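What follows is calculated from the coordinates using simple rules that are stated; it is not laboratory data. The shown structure was predicted, so the numbers you read here are calculated from the model rather than taken from an experiment. Quick reminder, even Gly has a Cβ in these numbers, built from the backbone with ideal geometry, and neighbours come from all protein chains shown.
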Amino acid sequence: MSKVLAGIRVLDFGRYIAGPYCATLLGDMGAEVIRIEKIDGSEDRFLSPISDKGDGALFMQLARNKLCMTLNPMKPEGREIVKKLVATADVVIANLPPDTLQNMGLDYESLKASKPDIILTTVSAFGRGGPYSNRVGFDGLGQAMSGAMYMSGTPQQPMKAYPPFIDFGTASLAAFGTMAALFERQKTGKGQMVEGSLFSTALTMMNGTAIEQNALQRDRVATLNRSQTSAPADTFKTKDGWVLVQSVGGPLFKRWADLMGEEHWLTDSRFKDDISRGDNAEVISARLAQWCAERSSREVLQAMEQARLPAGPVMSPQDVLDDPHIAAKGLFQLVEYPGLDKPAPLMRTAVELSATPGEIRSRPPTLGEHTDQLMQELGYSEAEIAQLREKRVV
């Protein structure tokens with residue numbers, strides 16, 4: 001089976017999530033990805049450790065389909081190795097501050113000197129230009145400064161989402177931009193810079209709310225899980241757990257009203273359309289909460305499915321591992337890794353292509369696993385590699 005990005009080499013200088021997962025997606029689609037890591041291992045390798053050597057859970061997900069070499073680009077010999085690597089590459093990915101990029105020889109002008117048609121994909125907290133350009137930040141900062149946290153939780157307690165969705169969203173958009181730049185290079189022969197930022201991603205996801213505020217000054221505040229633009233859309237406690245129900249549009253509201261025995265609500269002006277139902281969602285949620293409290297989660301979900309209303313259980317991580325739909329579709333691929341007692345369940349490429357799907361071809365690399373191999377490809381002898389290793393260049 002042909003791979004979309006077969007023959008493309010990517011140098012992954014990324015750290016944490018946004019940069020590395022961008023490279024992961026390119027690797028899933030067939031690119032050769034080389035993870036460039038600190039001599040003693042980069043910080044993202046050791047987050048939420050699960051192996052006997054401290055390798056982390058997130059690293060398992062983000063480092064599949066990658067080779068790994070250790071390198072210190074801040075030393076003169078390391079800078080020389082970077083130049084040689086770049087000359088063999090198509091894409092460089094780095095989520096590092098601009099001054100660090102320059103010090104490492106990874107700024108766009110330096111890269112073009114080694115490979116004129118190189119594509120540089122960068123990810124930062126706020127992007128270039130503007131007073132926040134040099135600030136550092138993680139996913140939570142994007143959530144906090146885009147309105148997302150303000151609209152989550154309650155007015156008394158803003159709430160950050162547990163999953164770093166801004167990081168993963170930025171990585172996905174950066175991969176999209178990189179693919180577009182590769183497509184453009186096929187036509188023109190020219191490389192370019194691709195810039196993603198956590199702030200831009202967060203503002204994209206919250207843009208509808210900002211547009212509404214600009215137009216109507218609704219001054220919305222958080223209402224926990226209850227939607228403000230349609231109803232019923234909320235989480236509800238059952239006899240033995242929690243469920244989430246979501247309804248958008250008149251046909252779904254009619255099905256729900258029929259199920260509740262509240263057909264007269266269909267002619268109630270408070271519930272005439274989605275935005276009206278959202279404005280009066282507290283009344284609707286209270287009615288459904290009463291109904292759910294008298295039933296088990298299974299009973300609620302069976303009734304919702306029969307009425308064709310979107311609903312699902314609030315699942316724990318173990319529930320996710322045990323879910324029959326995930327098993328039937330094979331969404332998790334079990335991957336062995338040195339130091340793990342059992343294989344890790346890695347989520348496959350989330351977007352499915354019928355002819356050229358992404359795939360997990362190889363396990364995450366151990367620290368520096370491919371350093372010697374890659375250095376020899378660049379023309380270094382075993383003796384030279386040993387000398388560089390003694391000097392902690394590689």
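Over 28 Å between C-alpha atoms is what I'm after, so list which of LYS3/LYS391; LYS83/LYS187; LYS112/LYS187 land there. Provide the component values of the computation, followed by the final result.
Details: LYS3/LYS391 39 Å; LYS83/LYS187 26 Å; LYS112/LYS187 18 Å.
Listed pairs above 28 Å: LYS3/LYS391.
Once phi is turned into ³J(HN,Hα) by the Karplus curve 6.51 cos²θ - 1.76 cosθ + 1.60 with θ = phi - 60°, what whole-Hz value does each residue of the stretch 243-256 show in order, with x for glycine and proline?
Residue by residue, the stretch 243-256 yields 10, 10, 10, 10, 9, 9, x, x, x, 5, 5, 5, 4, 5 Hz.
Collect residues whose amide H, placed 1.01 Å from N in the peptide plane, falls under 5 Å from the amide H of SER197; neighbours closer than 5 in sequence don't count.
Amide H neighbours of SER197, under 5 Å, 5+ apart: SER124.
Cα axis of helix 281-293 to longest principal axis of the chain: angle in degrees, 0 to 90, nearest 10?
90
Based on the Cβ-Cβ distance from GLU195 to ASP268, what FRET efficiency comes out when R0 is 30 Å, to the nearest 0.05?
Values: r = 50 Å, r/R0 = 1.66.
Approximately 0.05, to the nearest 0.05.
Note the listed values (1) -0.31, -0.41, -0.52, -1.08; (2) -0.42, -0.54, -0.67, -1.14; (3) -0.37, -0.47, -0.58, -1.07, then indicate which one is log10 I(q)/I(0) by the Debye sum over Cα atoms at q = 0.07, 0.08, 0.09, 0.13 Å⁻¹ calculated from this particular structure.
(2)
Among 19-29, 38-48, how do they line up from the highest to the lowest mean number of other beta-carbon atoms within 10 Å?
With the highest mean Cβ count within 10 Å placed first, the list reads 19-29, 38-48.
For helix 297-306, what angle does its Cα long axis make with the longest principal axis of the chain, in degrees from 0 to 90 and rounded to 10?
Once rounded, one gets 80 degrees.
Show the residues, 5+ positions off or on another chain, whose built amide H is closer than 5 Å to the amide H of GLY153.
Here MET159, LEU224 satisfy the definition.
To the nearest 10 degrees, how steeply does helix 165-188 sit against the main Cα axis of the chain, on a 0 to 90 scale?
It is inclined by approximately 50 degrees.
Would you mind classifying the stretch 1-141 by shape? Square roots of the alpha carbon gyration tensor eigenvalues, ordered a ≥ b ≥ c; an a/c under 1.5 is rounded, otherwise it is prolate if a/b is larger than b/c and oblate if not. Let's see the in-between values first.
Working: a/c = 1.35, a/b = 1.07, b/c = 1.26.
Rounded is the answer for the stretch 1-141, as its axis ratio a/c remains below 1.5.
Per residue of the stretch 15-29, in order, report the coupling 6.51 cos²θ - 1.76 cosθ + 1.60 (Karplus, θ = phi - 60°) as ³J(HN,Hα) in whole Hz, putting x for Gly and Pro.
After applying 6.51 cos²θ - 1.76 cosθ + 1.60, I find 9, 6, 10, 4, x, x, 6, 4, 5, 4, 4, 5, x, 4, 8 Hz.
Give a quick list of trypsin sites (Lys or Arg not before Pro) in the stretch 72-158 that DSSP marks as loop, anything other than H, G, I, E or B, with at most 12 other Cβ atoms within 10 Å.
When the trypsin sites (Lys or Arg not before Pro) of the stretch 72-158 are filtered for loop state and at most 12 Cβ neighbours within 10 Å, ARG128 remain.
With labels modelled as points extended 7 Å from the Cα through the Cβ direction, what inter-label distance (nm, one decimal) is found for TRP242 paired with LYS342?
Spacing of the two 7 Å Cα→Cβ label points: 2.6 nm.
Check which residues have an amide H placed less than 5 Å from ILE50's amide H, if you skip close sequence neighbours.
Placed amide hydrogens put ASP55, GLY56, ALA57 under 5 Å from ILE50.
Okay, helix-only estimate at 222 nm for the chain: each DSSP H run of n ≥ 4 adds -39500 (n - 2.57), divide by all residues, round to 500 deg cm²/dmol; what do you get?
About -11500 deg cm²/dmol.
Would you work out which of GLN306, ALA281, ALA293 lies farthest towards the positive end of the dipole of the stretch 233-314? Charges go on Cβ: Lys and Arg +1, Asp and Glu -1.
GLN306
Suppose each label sits 7 Å from its Cα in the direction of the beta carbon; what would the ASP219-GLU294 distance come out to in nanometres?
Here the modelled spin labels are 4.0 nm apart.
If you take the beta carbon distance between ASP117 and THR356 as r and set R0 to 25 Å, what does 1/(1 + (r/R0)^6) give as a FRET efficiency, to the nearest 0.05?
Computed FRET efficiency for ASP117 and THR356: 0.60.
Is the shape of the stretch 233-314 best called rounded, prolate or oblate, per the rule: a/c under 1.5 gives rounded, else a/b larger than b/c gives prolate, else oblate, with a ≥ b ≥ c the square roots of the Cα gyration tensor eigenvalues? Let's see the in-between values first.
Values: a/c = 1.88, a/b = 1.69, b/c = 1.12.
It is prolate, given that a/c is not under 1.5 and a/b is the larger ratio.
What does the C-alpha gyration tensor say about the overall shape of the stretch 295-375? Classify as rounded when a/c is under 1.5, otherwise prolate if a/b is larger than b/c, or oblate.
Prolate, since a/c reaches 1.5 and a/b exceeds b/c.
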